[in-house]
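Novice: Take this structure, written in structure tokens, and hold onto it; I'll ask about it next.
The values are calculated or read from the model by the stated rules, or taken from the named source; none is laboratory data. All values reported here derive from a predicted model rather than from experimental measurement. No Cβ is skipped: glycine too gets one built from the backbone with ideal geometry, and neighbour counts run over all protein chains shown. Ligands, DNA and RNA are excluded from the accessible area calculation, which covers all protein heavy atoms including side chains. Shrake-Rupley method; radii C 1.70, N 1.55, O 1.52, S 1.80 Å.
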Amino acid sequence: MAATHIGHDVMIGNHSIIASVGIAGHVEIADHVVLGARAGFHQFVHIGRFVMTAGVAAFTKDVPPFAISEHERPNEFSGLNVIGLKRNGFKKSDIQEIREIYKYLYSLKGKIKNRTGPLLEKFPGSAYAKEIAEFINKSKMNICTPGRRGVSSEEE
């Protein structure tokens, strides 16, 4: 869209919507991402699958998969992108599993990268837990955190 800046060496996944945003160099955007108007993304930031960000939001940290940002607080997400997940065929049980994964992940103490081992132990065989853990372990910019509402977001 008009007034969108996409910096050098940016990688953009499939089925993404980018509305008048500023994206610095070396940013990686996964599939099925919606970036709200006038949002800004610092260089080297990674945006996970099925993320939706609010307009005018600012990100200097990586945004984990399935998250939604509904306000202008920097580096914070407000819950799960429930509507986006439903529209893309995720079942209620999938959404609940992702919600439980995030609740458990953020209930643990210590550095976020040290939480991925216990996360995978708690959710063995979960493709979503594996995806979230891999995203966190690959992060070089640290990870956005849930806001005051936690990871509950919209009700199903």
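Novice: Would you call ILE136 surrounded by 12 or more Cβ atoms within 10 Å (Cβ to Cβ), within 14 Å of ASP62 (Cβ to Cβ), in contact with a Lys or Arg (Cβ under 8 Å, 6 or more places away or on another chain) and modelled with pLDDT of 95 or more?
Specialist: Considered against the rule, which asks whether it is surrounded by 12 or more Cβ atoms within 10 Å (Cβ to Cβ), within 14 Å of ASP62 (Cβ to Cβ), in contact with a Lys or Arg (Cβ under 8 Å, 6 or more places away or on another chain) and modelled with pLDDT of 95 or more, ILE136 comes out as yes.
Novice: Something else about it: Within the stretch 21-49, which residues are over 17 Å from ASP9 (Cβ atoms), open to solvent by less than 10 Å² (accessible area, probe 1.4 Å) and within 12 Å of the chain's Cα centre (by Cα)?
Specialist: Selection gives VAL33, LEU35, GLY48.
Novice: Any idea which of ILE101, ILE95 is out of contact with any Phe, Trp or Tyr (no Cβ under 8 Å at 6 or more places or on another chain) and assigned to a helix (DSSP H, G or I)?
Specialist: Of ILE101, ILE95, the one residue that is out of contact with any Phe, Trp or Tyr (no Cβ under 8 Å at 6 or more places or on another chain) and assigned to a helix (DSSP H, G or I) is ILE95.
Novice: Take the residues in the stretch 85-120 that are within 15 Å of the chain's Cα centre (by Cα) and either among the charged types (D, E, K, R) or surrounded by fewer than 20 Cβ atoms within 10 Å (Cβ to Cβ) (or both), then tell me which one is nearest to SER139 (Cα to Cα).
Specialist: Among them, the one singled out is ILE112.
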